[in-house]
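Read the figures in this text as sums done on the coordinates, not as results from a lab. Quantities reported herein were computed from a predicted structural model and do not represent experimental measurements. Counting neighbours? That spans all protein chains shown, and the Cβs are built from the backbone with ideal geometry, glycine included.
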Amino acid sequence: MTPVRIIGIGSPHGADQAGWLVADALQRSALPARLPAGTVSFSQCVFPAQLPQLVAGCDLAILIDAVRAEPGTVVEVDSGDLTRRKELHSTHGIGVGEALALIPVLTDQPPRVVLIGVGVDAEDGACSMEDVNRTLPRVRELMEAPLREFLQTATGT
Amino acid sequence: MTEERQVRIKVPVLARVEGEGALDLSINGNEIESLRLRIYEPPRLFEKFLEGRAWHEVPDMVARICGICPVAYQMSAVHALEQVFDIDPGPSVRRWRRLFYCGEWIQSHALHIHLLAAPDFVGFNSVTEMAGQYPDEVRRGLRLQALGNDLIALLGARSVHPVGACVGGFHRLPTASEVETMLASLQAGRRDARELVAWTAGLDLPDDDQAFCSVSVSHPDEYPMNEGRLVSSEGLDIPIEEFDQHFEEFQAPYSTALHASLHDGPYLVGPLARINLNLERLPAGIRALIEDTGISFPSRNMFHSIVARAVELLYAIEEAMTVLEEADISGPPHVPVVPRAGVGFGCTEAPRGLLWHRYETDDKGHIVKAQIVPPTSQNQARIEADLRASLQTFGLDREESALRLHAETVIRNYDPCISCATHFLRMNMERKGK
């Protein structure tokens, strides 16, 4: 169980796979090698209800999900906004907002959660690798500060 | 002089169960004047999409119909196509399929009990609110749901819209180490499931006795999942091929989902119907556990559905353990298929009730015609009948908010596959008279 977890949220299909593809691209990048061994792991989340279990015991969880926005753009999502939303649109369980609200209730030491949205064209329903690759620099930028702060705390420097 | 041209266009609107719903309720004094559960999701037209597609494409296509019960769609489809092609995949594949189905029951039932239905019975609006007071129960639900997903992925390669099933069997079988790991997980899940049965039976469930007709698949030797005859609590006992002769699908003008009737009456499919009709097929240990709860099946209280779901979840875990303990991983994962023209039927038990498929193919095995009757459309008329009875028993003079909550609870109790089943209800209420 690593202290930092990077989790792509989505499914194997269409635009919904953007979060998975970005997380996968990060895993294949130089990022893991930059961090001390055993610091970071990557996973895919299909059902948001899995999130409390996927982040349990870690210090920093970076979640990447598809959002309705210009393909190739990146949005830092305020997880507080999501958890305050009352309206539910999922037949089969809970959405990301509710899952985020469950994390502090169901985990003994809730991790810091950073939620990054990658833009997809929900009408078109497709997800191109070109758009995914365009998001990577900004995604890395958004991860930089939380990772630095984690390392400072972990190493006491 | 031109002759007047008459054009009649008939568009059969078929598979469409996920969607949005509303309840229109009109009360006059102490009488319900009208009650309509409306599903207004646009038609999804899967049956038309299937026409012209090759037989081997069908399992992966129908898996996309539902995000929570793709296994059921795949299993009904492969059975129907194997009947067309006169294929017997043999006892080994049959057992692997039963295991696959167990995974779906576990994840679907765990999800519905803990995240969708339970908040109604412990006084919360949502699972996020409920988790504050019942964190262990919610954790249990998430563990069990994950267990079911892992079991689906064992044979399906992934838990969402799995791709491992094919006509004739599976694309691959698990390895010995995968089997061993899964057995250990199931052992832990079994403890959770036993606790769950007692917990659901201890909930403060409304006492609501109603007469209704239960319908399920029934098999002489096992609790029904993948095959058997169609039986009802009113004496129906037919092969699945005769479904059309007894059941009728019809269009209610206010719903895009077809309603269904059995001999002109509503009927119930799903866990309570299954347990009502197949109690003696459950292992003795599970029947003893049910007896300990003090709840008797067959039951006429629809709210006992949550207990039936918990019992089935436990059964699915025990059945999965049995299958894996006796598993033969050396056999071929599937038998060869030679397509031909014909008609075939498949009827299996999805988590929320029976799912009937009929396919007609040409000599190359391309789909000429498909018919899919999902459980939620079969339950629609029963839900409306239940709402009428249940609201009357509850008291029509209650506040609108109380009526709304009770109506939502009744509907959710069926685990309908409508895309906003959690708090989906937009209730338009008209009150006349006193």
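Quick one: dipole size for the protein assembly as shown, taken about the Cα centre, charges +1 on Lys/Arg Cβ and -1 on Asp/Glu Cβ, in debye to the nearest 20.
820 debye
Average partner chain C-beta neighbours within 10 Å, per residue of A:103-116?
Per-residue shielding by partner chains comes out at 2.
B:Ser296 to B:Val163: FRET efficiency via 1/(1 + (r/R0)^6), r the Cβ-Cβ distance, R0 56 Å, to the nearest 0.05?
0.85
Can you give the average number of partner chain beta-carbon atoms within 10 Å of each beta-carbon in peptide A:46-54, as a whole number?
If you average over the peptide's residues, the count of other-chain Cβ atoms is 5.
Label points 7 Å out from Cα along the Cβ direction at A:Glu76 and A:Leu136: separation in nm?
2.2 nm
Picking from B:Gly141, B:Pro206, B:Pro271, whose Cα lies most toward the positive end of the charge dipole for chain B (charges on Cβ: Lys, Arg +1; Asp, Glu -1)?
The residue sitting most towards the positive pole is B:Gly141.
In whole percent, what relative contact order does chain B give with Cα contacts below 8 Å and a gap of six or more residues?
Computed over chain B, the figure is 27 percent.
Relative contact order (percent) for the stretch B:151-210, with alpha-carbon contacts under 8 angstrom and 6 or more residues of separation?
Values: 24 pairs, mean separation 11.3, N = 60.
This gives 19 percent for the stretch B:151-210.
Toward the positive end of the charge dipole of the stretch B:359-400, about the Cα centre and with charges on Cβ (Lys, Arg +1; Asp, Glu -1), which of B:Ser390, B:His366, B:Thr376 goes farthest?
B:His366
Find how many whole Å separate the alpha carbon centroid of the stretch B:47-101 from the alpha carbon centroid of the stretch A:22-73.
Centre-to-centre distance over Cα atoms comes out at 34 Å.
Which of B:Val71, B:Val410, B:Val179 moves the most in a Gaussian network model of chain B with Cα springs under 10 Å?
Ranking B:Val71, B:Val410, B:Val179 by mean-square fluctuation puts B:Val179 first.
Let me know the charge dipole size of chain B about its Cα centre in debye, to the nearest 20, where only the beta-carbon of Lys, Arg (+1) and Asp, Glu (-1) is charged.
I would put it at about 820 debye.
Whats the longest run of chain B with zero GluC sites (Glu not before Pro) that are DSSP loop and have at most 16 other Cβ atoms within 10 Å?
Of all site-free stretches, the longest is B:52-221.
Work out, step by step, the length gained on full extension between A:Gln152 and A:Ala30: first 0.36 nm times the residue separation, then minus their alpha carbon distance; give nm to one decimal. Could the numbers behind the result be given before it?
Values: separation 122, 0.36 × 122 = 43.92 nm, distance 2.00 nm.
This chain segment gains 41.9 nm when fully extended.
If you find the alpha carbon centre of the stretch B:215-265 and of the stretch B:364-421, how far apart are they in angstrom?
Comparing the Cα centres of the stretch B:215-265 and the stretch B:364-421, I get a distance of 17 Å.
If the elastic network links every pair of Cα atoms under 10 Å, which of B:Gly228, B:Gly395, B:Gly342 fluctuates the most in the Gaussian network model of chain B?
Highest fluctuation among the options: B:Gly395.
Of A:Pro104, A:Gln17, A:Ala33, which is farthest towards the positive pole of chain A's charge dipole, taken about the Cα centre with +1 and -1 on the beta-carbons of Lys, Arg and Asp, Glu respectively?
Selected residue: A:Ala33.
Residue by residue through the stretch B:133-147, what is 3J(HN,Hα) from phi via Karplus (6.51 cos²θ - 1.76 cosθ + 1.60, θ = phi - 60°)? Round to whole Hz and write x for glycine and proline.
9, 10, x, 5, 5, 5, 4, 4, x, 5, 5, 5, 4, 5, 4
Averaged across the residues of B:135-142, what count of C-beta atoms belonging to other chains lies within 10 Å of each residue's C-beta?
4
Using just the Cα positions, wrap the stretch B:86-174 in a convex hull and report its mean projected area in square nanometres, one decimal place.
6.8 nm²
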